[in-house]
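The values are calculated or read from the model by the stated rules, or taken from the named source; none is laboratory data. All values derive from a computational prediction rather than experimental measurement. Using ideal geometry, Cβ is built from the backbone for each residue, glycine included, and neighbour counts are taken over all protein chains shown. To get the accessible areas, we keep the full protein, side chains included, count just its heavy atoms, and leave off ligands, DNA and RNA. Shrake-Rupley method; radii C 1.70, N 1.55, O 1.52, S 1.80 Å.
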Amino acid sequence: MNAMTTSTSSSAQYRSDVCIVGNGAIAKTTALGLAQAGHSVTLLVPPARSGPKEETSGAQPAWDVRVYALNHTAHNLLSSLKVWGALDLSRVAPVDSMIVNGDGENAGGLSFDAFSAHTGTLAWIVEDSNLAQALDAALKFAPNVQIVSGRAASLTARHDGASVRLDDGTVIEAELVLGADGRESWVRGQCGIGIDYRSYHQRGVVANFSCEKPHHGVAYQWFTCDEGIVALLPLPGNRVSLVWSAPDTLADTLMSESQGELAIRLGEFAEDKLGCLKPLQPEMVKAVPLVIIRPHSIVAPRVALLGDAAHAVHPLAGHGMNLGFGDVVDLLEVLAGREEHRSLGDERVLARYARARKEDVLLMQLATDGLERLFGANLEPVRVIRNLGLNLLDKLPMVKRRLIAHAMGR
């Protein structure tokens with residue numbers, strides 16, 4: 001097969017080197033990477049949902065409330081796959097610096113900037129819809145990729161391969177099955193992989209605003225005790241994207257208010273830096289429950305997990321998607337470096353992938369979970385210590401540079 005095809009045919013059978021289950025950015029990027037490495041790929045996506053489309057205002061589509069702070073690992077991977085150039089770069093905002101604020105009257109602070117990190121930019125803010133459109137465009141020209149739309153019913157692993165059977169009788173045969181199907185992964189469940197799961201009793205409330213003053217490419221973050229973690233990320237022009245990790249009770253209130261009332265609440269944090277905030281039209285606020293998920297393994301016979309299926313972390317550092325792109329990079333490298341006599345789904349090959357991802361994922365889980373616990377403690381001695389810690393860290397340039405390098409994926 002020379003290019004991407006789409007099929008919904010029942011009782012059909014497909015054979016490919018790899019079957020990827022999932023329809024998000026990580027699944028599509030993995031399909032592109034494997035196809036460009038010379039492997040045949042079947043991408044299994046759920047049937048398209050019917051329903052009203054979101055309306056847009058004016059000539060430009062509305063700004064997506066779901067955005068990612070992509071680091072250099074993600075940027076380099078997408079560039080190598082010819083996806084970055086397919087983005088609408090007029091809607092991508094570079095992050096030139098980041099300012100982290102503590103809580104209380106004597107709030108500590110910490111700042112990072114691209115100049116100190118000896119780089120052009122720390123990260124790039126990209127809308128989910130922009131990334132999805134670029135990936136879909138790249139997939140249209142990808143060699144050896146077939147897209148099958150349907151609902152998976154069973155997964156069977158054998159010594160020589162694996163098969164995914166759909167509820168309409170379609171069977172997909174492959175050497176390797178990849179689960180990139182989100183934090184409630186069907187693939188993970190089919191493999192019987194246990195998880196450690198904990199709810200933060202928070203929701204990530206997201207919305208977009210225009211700001212009176214220019215943001216100068218600065219990403220702001222405020223750690224509070226009672227109100228969670230508030231982040232304002234730069235968008236192109238005088239616009240910012242809100243990610244508010246709010247306790248459930250507060251999230252209920254935020255979701256019941258108008259976006260104008262939400263803007264007034266944000267004024268307490270941002271008005272002196274960004275001026276008056278106004279909702280972008282059309283007004284839109286969404287929320288998602290925040291949890292941490294640690295699967296007991298990210299591999300099983302003939303199966304590997306990527307993205308949120310392999311790890312779900314608190315969004316306070318904005319690196320959940322970057323961890324997923326790191327999965328793709330390491331998987332492609334491990335598969336490319338395997339011995340000739342080993343198949344893509346060989347047990348030793350998959351074990352190498354698991355080892356390659358262990359440290360990076362564990363560090364990010366420990367960091368995000370630890371920071372959430374630290375700043376969620378409503379005790380004055382803890383508040384004093386964490387503010388002092390922020391101030392001390394801000395005065396240690398060598399340590400800051402190491403932190404920046406890790407966050408950028410270097």
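Worth a mention:
- Contact map, the range 118-136: residues that are farther than 16 Å from Leu89 by Cα paired with residues that are buried (at least 16 other Cβ atoms within 10 Å of the Cβ), Cβ distance under 6 Å, separation 6+ or inter-chain. Pairs shown: Leu122/Val95; Leu122/Ala114.
- For the range 11-30, the criterion of being part of a loop (DSSP other than H, G, I, E, B), at pLDDT below 80 and not acidic (Asp, Glu) is met by at least one residue.
- Any pair with Cβ under 7 angstrom, 6 or more apart, that starts in the range 329-340 at a residue that is in contact (Cβ under 8 Å) with a residue 12 or more places away in the chain and ends at one that is open to solvent by 40 Å² or more (accessible area, probe 1.4 Å) and not hydroxyl-bearing (Ser, Thr, Tyr): Asp330/Ala356; Leu332/Ala37; Val334/Arg352; Val334/Ala356; Ala336/Ala37
- Residue ranges of strands (runs of 3 or more DSSP E) in the range 218-317 with at least 2 members loosely packed, with under 15 Cβ neighbours inside 10 Å: 286-295
- Of the strands (runs of 3 or more DSSP E) entirely within the range 86-161, those holding at least 3 residues that are open to solvent by less than 50 Å² (accessible area, probe 1.4 Å) occupy 97-101, 109-113, 123-127, 145-149, 152-158.
- Residue identified as under 22 Å from Phe325 (Cα atoms) and modelled with pLDDT under 95 among Ala123, Ala93: Ala123
- Residue that is surrounded by the most Cβ atoms within 10 Å (Cβ to Cβ) [pool: residues in the range 175-217 that are of a type in the set (Val, Ile, Thr) and more than 30 Å from Asn238 (Cα to Cα)]: Val177
- Residues of the range 165-177 satisfying the condition of being in a strand (DSSP E or B) and either touching a Phe, Trp or Tyr at 6+ places or on another chain (Cβ under 6 Å) or more than 12 Å from Cys191 (Cβ to Cβ) (or both): Arg165, Leu166, Val171, Ile172, Glu173, Ala174, Glu175, Leu176
- Taken as a whole, the range 287-303 holds no residue that is within 15 Å of the chain's Cα centre (by Cα), at pLDDT 95 or above and farther than 30 Å from Cys211 by Cα.
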